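Data block below; observations after.
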Amino acid sequence: MSAHPTPAGADMAGRLSRAFEQLGLQADADAAAKLLDYLTQMQRWNRTYNLTAIRDPQQMLVQHLFDSLAAVGPFSDALGQPGAPAKVYDVGSGGGLPGVVLAVMRPEWSVTCIDAVEKKTAFVRQMSGALALPNLQARHARIETLDPADCNIVTSRAFASLDDFAMLAGRHVRNDGTLVAMKGKVPDDEITALHARGEWQVDHIQQLRVPELQAERCLIWMRRSQGTL
């Protein structure tokens with residue numbers, strides 16, 4: 001990396017800084033540099049390994065980085081005490097979204113990115129080393145084949161329907177923990193199907209404002225139904 005940022009790099013750094021402000025996130029220069037480096041590495045790997053359908057760096061900044069950053073505050077609030085350790089699974093993580101972003105922003109959390117595509121978990125494993133993130137792990141596996149993990153939060157971004165997500169990944173959530181699906185518009189049909197099964201229920205729906213993104217985003221928070229513990 002060059003000592004002097006390019007104009008494009010400086011622009012991205014400025015936009016990232018504004019996004020932190022808009023989201024109410026405290027981030028030091030080291031965290032910001034890691035996030036921008038992650039984006040650069042993703043672009044580089046994407047040429048060969050097709051980690052994401054989005055190719056344009058400007059779109060990646062908003063639709064990947066800012067979108068994932070929008071979950072950091074809500075997750076932190078749900079976990080309570082600032083600085084407390086937590087265990088988080090990111091299911092169907094792809095190139096590490098939101099898992100890598102969570103690991104950068106919250107070094108006290110243990111974050112594991114899980115994906116069935118080996119090249120994607122290889123990329124996340126590479127990022128764990130390259131970005132000096134000892135709290136970030138990657139598992140090449142289908143989530144339903146892993147032993148229960150007793151996580152505080154199990155999340156997914158564009159992984160599956162709510163019902164499938166709960167059925168496949170729910171057993172990795174500890175009894176007082178939460179399943180959190182990152183979605184666009186509120187998926188009413190998926191919520192109906194989830195509740196019809198009866199094992200999990202939507203606790204609440206949290207609308208997100210993603211900086212620079214003119215599209216709906218929300219978090220669907222799910223807990224086990226009473227009587228299924």
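Some points to look at:
- Calculated [222 nm] ellipticity per residue, helices only, for the chain: -11500 deg cm²/dmol; basis is -39500 (n - 2.57) per DSSP H run with n ≥ 4, divided by all residues, nearest 500.
- Whole-Hz Karplus values for segment 119-128 come out as 5, 6, 5, 4, 5, 4, 4, 4, 5, 4 Hz, taken residue by residue from phi with 6.51 cos²θ - 1.76 cosθ + 1.60 and θ = phi - 60°; glycine and proline positions read x.
- Between residue 176 and residue 144, the C-beta separation translates, for a Förster distance of 22 Å, into a calculated FRET efficiency of about 0.50.
- Between 0 and 90 degrees, the angle of helix 7-23 with respect to the longest Cα principal axis of the chain falls at about 40 degrees.
- Gyration tensor verdict on segment 97-152 (Cα atoms; rounded if a/c is under 1.5, prolate if a/b is larger than b/c, oblate otherwise): oblate
- Sorting 205, 114 by the number of Cβ atoms found within 10 Å of their own Cβ, with the fewest placed first, yields 205, 114.
- If you take the alpha carbon atoms of the chain and fit the smallest convex hull around them, that volume is 117 Å³ per residue.
- Around the amide H of residue 151, modelled in the peptide plane, lie the amide H atoms of 173, 174, all under 5 Å away and 5 or more residues distant in sequence or on another chain.
- R0 of 30 Å, Cβ-Cβ distance residue 225-residue 77: FRET efficiency to nearest 0.05: 0.85
- If the segment from residue 161 to residue 188 were pulled out straight at 0.36 nm per residue, it would be longer than the present Cα-Cα gap by 8.6 nm.
- Between residue 126 and residue 11, the contour length at 0.36 nm per residue exceeds the alpha carbon distance by 38.8 nm.
- Three-way shape label, segment 122-229, alpha-carbon gyration tensor, a/c 1.5: oblate
- For segment 7-224, DSSP calls about 40 percent of its internal beta bridges antiparallel.
- Rounded to the nearest whole Hz, the Karplus-based 3J(HN,Hα) values (6.51 cos²θ - 1.76 cosθ + 1.60, θ = phi - 60°) of segment 44-54 follow the sequence 5, 5, 4, 5, 9, 10, 6, 6, 8, 6, 7, with x at glycine and proline.
- Distant-in-sequence amide H partners of residue 139 (H built 1.01 Å from N, under 5 Å): 113, 114, 115
- Sequence-ordered 3J(HN,Hα) estimates for segment 140-152 from the Karplus curve with 6.51, -1.76 and 1.60 and θ = phi - 60° stand at 8, 6, 8, 4, 6, 8, 8, 5, x, 10, 6, 8, 6 Hz, glycine and proline given as x.
Every number in this text was worked out from the coordinates using simple rules, so none of it is lab data. Remember, predicted model here, so these are calculated numbers, not experimental data. Glycine also receives a Cβ, built like all others from the backbone with ideal geometry; neighbour counts cover every protein chain displayed.
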